[in-house]
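Participant: The structure follows.
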Amino acid sequence: MKNIAQMTRRGFLKACGIAAGYMVLGFNMTKDAIAATMEFIGLRQKSVYKADATLFKYRKSQDNPMIKKLYDKKHGFLHEGPCGHMSHRLLHTNYYDRSARIKALKEKGIKLSL
Amino acid sequence: MSGSKVKKSPKIRPVDLSGLKFDKEGTMKKMEDVDYLINAPRGVDPDNIYFVQVDTSKCEGCGECEEHCATGAIQAINDDGIHQVVNPAACMNCGQCLANCPAGAIYEGVSYVEEVFEKLRDPNTVVVSMPAPAVRYALGECFGYPTGTYVGGKMQAALRKLGFDYIWDNQWGADVTVMEEGTELIERIKHPSKERPLPQFTSCCPAWIKFCETFYPDLIPHLSTCKSPIGMLAALAKTYGAEQTKTPAAKMYTVSIMPCIAKKYEGLRPEMDDSGFRDIDATINTRELAYMIKKAGIDFKSLPEQEPDPVLGMSTGAATIFGTSGGVMEAALRLAYEVLSGQKLTNPDIKVVRTHEGIKTADIKIPNFGTLKVAVASGLKNAAKLCDEVRAGKSPYHFIEIMACPGGCVDGGGQPLDPSIREASICKYMIAKINKRYRKRRIA
């Protein structure tokens, strides 16, 4: 049988929180609070798109004069163009399998979500 | 020449930093409401570092952190529900636990702030600043501006005032990334192979890269081989930048300024030395930059609007949107569209890929090519869903963008905190809890 004593501390707090919130505020105010939290990230994102649309003379990377200078076919530092030899040396990389340590952790009995 | 439409202003004189008191290595320091361990590692394996950890004496056992962790690295270690990051190998360093902890119990284990101050005071070191796009959309919050205010111009001025010798911009790095990653995508579409299969995953987000290497190593060939914008800018700083400014690369000290904690891990990757030196000498985040500006006694609000140094600093709208989920995708599409179709993209807004949360998919119709299928995932739990699809061979996409933090870098683990998270009032805390519940239900 499940009872409160068997609930996790986390689960209990959450249940209390939800109950108290709805009791104190009623449904509509709770909705406002949700909107406020969502807005926080949204406001920064909105500001980014506004800057993109209004602040910049160029909106495509390939139009940037300093990018054209970098990749200039005659004098550019990366004159072979994107993904050329120099690009591969400086701007591209390799990745490494890091799963071994996770396997070791799991063998030790540590539970992870993945 | 300028990238954005801001007027030039008179030259800024750096402030005198010689009188400042400094904190010793190994001490804790509060910066913008987050505790940092003063610790500047160099030449060590970043896989052994706890970039975020819980102060067990402050943990209240609410378990909020666990809900923001995709891997389960942060978990209860006893019956009281006290939490810890159990092992650094399981932690992707995204810092969402830290950003959402209502008790302020989670601290950062690495801070280069003191070392950066030391280099700024040293007349023989040429200190280069490399701020990420997202920093300028949140830094202002630390100085009383409303959430999301763009303070790019003042940020550049503040960096000059702090004494940085060159203000190179990671937005320029983002423009370079578009050129490289967009070209790579077109190459993969034209000649898909076992070594370079489709879909291509973006490689800008360091938490995502570690996640793929750790939990989906079989999908590594799908990762773009491109370094992140900061990886590119830093390697170019000590080669191209050194050449352009006639500065010996050995005298340079490069500071990556990020909205992120995981970028500290990326900066320490042993392979990031293609310039012949350590490409990235130090990584700090938005909160630490705000702390430095305040500590140096700079009045941020009264600063003029300035531009970065153009050669490695001029940037575009495509670069600034790297800071938000869907932005890398949109920026790359602005290039891919023109290359694949041979036509001009008249309206650069590709709103269908702009992602607030969750997963977004879109079919982009490109003349002379056909349909480009793309997906954008915000948050590592969502990334796992797309990875499982690729693993099963059922992924229909050409290009997938993944950002570990919800909404992208603007909501990164190194950004100023959402003030509502730490509200002392229990009532507000309850509301925050309900919000989270409700948000989940809406996604489902």
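The values are calculated or read from the model by the stated rules, or taken from the named source; none is laboratory data. Keep in mind that this is a model prediction, so the values were computed, not measured. Using ideal geometry, Cβ is built from the backbone for each residue, glycine included, and neighbour counts are taken over all protein chains shown. For accessibility, only protein heavy atoms count, side chains too; no ligands or nucleic acids. Shrake-Rupley method; radii C 1.70, N 1.55, O 1.52, S 1.80 Å.
Participant: Within region B:119-162, work out how many residues are crowded, with 21+ Cβ neighbours inside 10 Å, touching a strand residue (DSSP E or B) at 6+ places or on another chain (Cβ under 9 Å) and part of a loop (DSSP other than H, G, I, E, B).
Facilitator: Number satisfying all stated conditions: 1.
Participant: Looking at region B:382-410, I want the residues that are in a loop (DSSP other than H, G, I, E, B) and have a partner that is among the acidic types (Asp, Glu) and open to solvent by 10 Å² or more (accessible area, probe 1.4 Å) with Cβ atoms under 6 Å, at least 6 apart or on another chain. Which pairs are those?
Facilitator: Going by the 6 Å Cβ cut-off, the qualifying pairs are B:Ser395/B:Glu389; B:Cys405/B:Asp411; B:Pro406/B:Glu357.
Participant: Which residues, counting only those in region B:50-64, are away from chain A (no Cβ under 12 Å) and either farther than 21 Å from A:Thr8 by Cα or open to solvent by less than 70 Å² (accessible area, probe 1.4 Å) (or both)? Before you say what the answer is, go through the steps one by one.
Facilitator: Residues of region B:50-64 that are away from chain A (no Cβ under 12 Å), as a first pass: B:50-58.
Within region B:50-64, B:Tyr50, B:Phe51, B:Val52, B:Gln53, B:Val54, B:Asp55, B:Thr56 qualify.
Participant: Hey, another quick one. For region B:230-246, what are the residues that are open to solvent by less than 30 Å² (accessible area, probe 1.4 Å) and either outside any helix (DSSP H, G or I) or among the charged types (D, E, K, R) (or both)?
Facilitator: B:Lys238
Participant: Still on this structure: When you look at B:Ala249, is it in contact with an Asp or Glu (Cβ under 7 Å, 6 or more places away or on another chain) and under 26 Å from B:Asp122 (Cα atoms), yes or no?
Facilitator: no
Participant: Quick one: would you say A:Ser99 is within 7 Å of chain B (Cβ to nearest Cβ) and either within 24 Å of the chain's Cα centre (by Cα) or open to solvent by 60 Å² or more (accessible area, probe 1.4 Å) (or both)?
Facilitator: On the way: within 7 Å of chain B (Cβ to nearest Cβ): yes; either within 24 Å of the chain's Cα centre (by Cα) or open to solvent by 60 Å² or more (accessible area, probe 1.4 Å) (or both): yes.
Answer is yes for this residue.
Participant: Another question, if that's okay. Taking region B:353-381 as the region of interest, how many residues are at positive phi and free of Cβ contacts under 8 Å to residues at least 60 places away in the same chain?
Facilitator: 2
Participant: Which pairs have Cβ atoms under 9 Å, sit 6 or more apart or on different chains, and link a residue in region B:79-98 that is at negative phi to one that is among the hydroxyl-bearing types (Ser, Thr, Tyr) and not in a loop (DSSP other than H, G, I, E, B)?
Facilitator: Pairs that qualify, where the first residue is at negative phi and the partner is among the hydroxyl-bearing types (Ser, Thr, Tyr) and not in a loop (DSSP other than H, G, I, E, B), are B:Ala89/B:Thr214; B:Ala90/B:Thr214; B:Met92/B:Thr214; B:Met92/B:Tyr265; B:Leu98/B:Tyr107.
Participant: Hey, does region B:205-217 have a residue that's without any contact (Cβ under 8 Å) to a residue 40 or more places away in the chain, open to solvent by 10 Å² or more (accessible area, probe 1.4 Å) and within 12 Å of chain A (Cβ to nearest Cβ)?
Facilitator: Yes; the residues of region B:205-217 include at least one that is without any contact (Cβ under 8 Å) to a residue 40 or more places away in the chain, open to solvent by 10 Å² or more (accessible area, probe 1.4 Å) and within 12 Å of chain A (Cβ to nearest Cβ).
Participant: Another question about this same structure. Is it true that some residue in region A:102-113 is crowded, with 19+ Cβ neighbours inside 10 Å, facing another protein chain (nearest Cβ under 7 Å) and under 21 Å from B:Leu333 (Cβ atoms)?
Facilitator: No.
Participant: Looking at region B:358-374, can you tell me whether even one residue there is modelled with pLDDT under 95 and either over 30 Å from A:Ala19 (Cβ atoms) or in contact with a Gly (Cβ under 8 Å, 6 or more places away or on another chain) (or both)?
Facilitator: yes
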